[in-house]
Structures are given as structure tokens and as C-alpha cells.
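These notes are about the structure you will find just below.
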Amino acid sequence: MTYVETIEPRLTPHRPVAPLDVAAVMVEWCRDLEQEMAARLRLMSPEDLTWQPHPHSNSAGVTVWHVARWLDVLATRAFTGRAAKDDLWHTEGWRDLTGYEPDGIGYLGLGTLTGYTPQEMRMVPALPGDALSTYLSQSTTRLIQRIGLLDDELRRAPDHELTPYQIIGSTLQGSFGHIGEIDALVALRDRLQRS
């Protein structure tokens, strides 16, 4: 049996919050995403993290990295004009630790897994759960800080076709969808092992 059988309606309890403005709602979505993802990382085995149903499919670990990486890029570069070298992947030593440089790959060269070929996806380092949880936490914290700095700007789109609210909100929604993807991978692996 895996943690997946225990999820209804969620893996972690609801936090006692009732945000009253757009920025506060987005901050709570960030915290909720991190909490749910971190709970899964604590329960997944190293094999759960690296298993792929097909060589061209993401593993659960790669999917967690993808979520953390998008939050990192949004928080560091999306609304600041800062360079890739300012991402947490670089400043917190992840690139040096893993030897992996994602910049210039995939969608807009952001190195977020979006738009990667299967070969590029396989180059993403297989980090252990605690490392993924740390990178996710760092990225979430930085995005929460960025949301606080944007606050009134969340609904304005001066230099973008979309508002910061739309960009961050759609990324967070997609990230919650990835939680379901991870749950499906863990459940599928378990079922295949038992059959």
C-alpha cells in the first residue's frame, strides 16, 4: 500500500487561513503546494522518485524538480529582468552540486523542463527527496517574497501580455496538477509491482 490510498481529500490538513486579497490568496496557494508536495516527498521511496513507466516519461522526481524550477524562475527572473545566474539553482549551489546547467534548454531557454526533448529530460539530475524538498522550499519562499513585492502590480500587465497574477496563477494551477501526476506514478508503480 502507498500513501496514495490515504489521500482523500488531501494528504495534509487544511491550514486555518482565510486570505482577503489577491496577493494573500497566491501566497497561500504557494504554501499549500509546498506542503502537499513535501508530504509526498517524505513518503516516497528513492525508487518511487526515479521510476518511469516509459523511457520518454518523467519520473516523479523530475516532475518535482520541474515544479520547483518554475517557481525559482518566476520568483527570480519573470518580473525583475534579472539574469539566470541569479536563480536559486545557481546561487544556492544546486548547479555546482549536480553539475547540471538547465539554462538555454526548452521553452524560451528557461530550463524548466517545459519544452524539453526526452533526451534533455533524462539529463535532469535524480535528486533525493530531501534535496528536492529543500529546493522546492527555497523556490516557494522566494516566490512568496516576490508576490509580496508585486502586490498591487499583480493585476497590471505593463510589459507582458498577461498580468503577473495570470502568469503565477497558471503556473501554480499546473503545479497542483503535477501533484496528481506524481500520485498516479506512485500508484501505477505499486500496482505493477503487485501484479
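What to note about this one:
- Shown here: the stretch 116-177, whose C-alpha atoms stretch 38, 26, 20 Å along the first, second and third principal axes, sorted largest to smallest.
- Geometric extent, Cα atoms of the stretch 63-132 - Rg, Dmax (angstrom): 11.3, 31
- Selected from 70, 27, 56, residue furthest toward positive end of dipole (the stretch 1-95; charges at beta carbon): 70
- Total charge dipole magnitude, the stretch 39-113, about the Cα centre, Cβ charges on Lys, Arg, Asp, Glu only, Debye to nearest 20: 180 debye
- Over all orientations, the stretch 13-89 has a Cα convex hull whose mean projected area works out to 7.2 square nanometres.
- Accessible-area value, residue 4, 1.4 Å probe, nucleic acids and ligands omitted, Å²: 40 Å²
- Alpha-carbon centroid distance for the pair the stretch 1-60 / the stretch 79-106, whole angstrom: 24 Å
- In Å, descending, principal axis extents of the Cα set of the chain: 55, 40, 27
- Whole-number D in µm² s⁻¹ for the stretch 82-195, Kirkwood Cα-pair radius fed into Stokes-Einstein, 4 °C, 1.567 mPa s: 79 µm²/s
- Remark: the stretch 150-195 is approximated by an ellipsoid whose semi-axes, taken from the C-alpha gyration tensor as √(5λ), come to 39, 8, 4 Å, largest first.
- Normalising the average separation of contacting C-alpha pairs (under 8 angstrom, six or more residues apart) by the number of residues puts the relative contact order of the chain at 31 percent.
- In this structure the chain gives 51 Å² per residue of accessible area when probed at 1.4 Å with all protein chains present.
- Computed [θ] at 222 nm, helices only, for the chain once each DSSP H run of length n ≥ 4 contributes -39500 (n - 2.57): -17500 deg cm²/dmol
- For the stretch 1-51: span of alpha carbons on each principal axis (Å, largest first): 41, 21, 12
- When the solvent-accessible area of the chain is split by element, carbon and sulfur atoms take up 54 percent of it, the probe being 1.4 Å.
- Here the 3J(HN,Hα) profile of the stretch 65-80, calculated from phi with Karplus coefficients 6.51, -1.76 and 1.60 at θ = phi - 60°, is 4, 4, 5, 4, 5, 4, 4, 4, 5, 4, 5, 8, 10, 4, 10, 10 Hz, Gly and Pro shown as x.
- Heavy-atom accessible area ranking, 1.4 Å probe, most first, across 3, 107, 165: 107, 165, 3
The values are calculated or read from the model by the stated rules, or taken from the named source; none is laboratory data. Every value quoted in this text rests on a predicted model; they were computed, and no experiment measured them. For neighbour counting, all protein chains shown are included, and Cβ atoms are generated from backbone atoms with ideal geometry for every residue, glycine included. Each accessible area value is taken on the protein alone, full model and side chains, heavy atoms only, with ligands, DNA and RNA left out. Shrake-Rupley method; radii C 1.70, N 1.55, O 1.52, S 1.80 Å.
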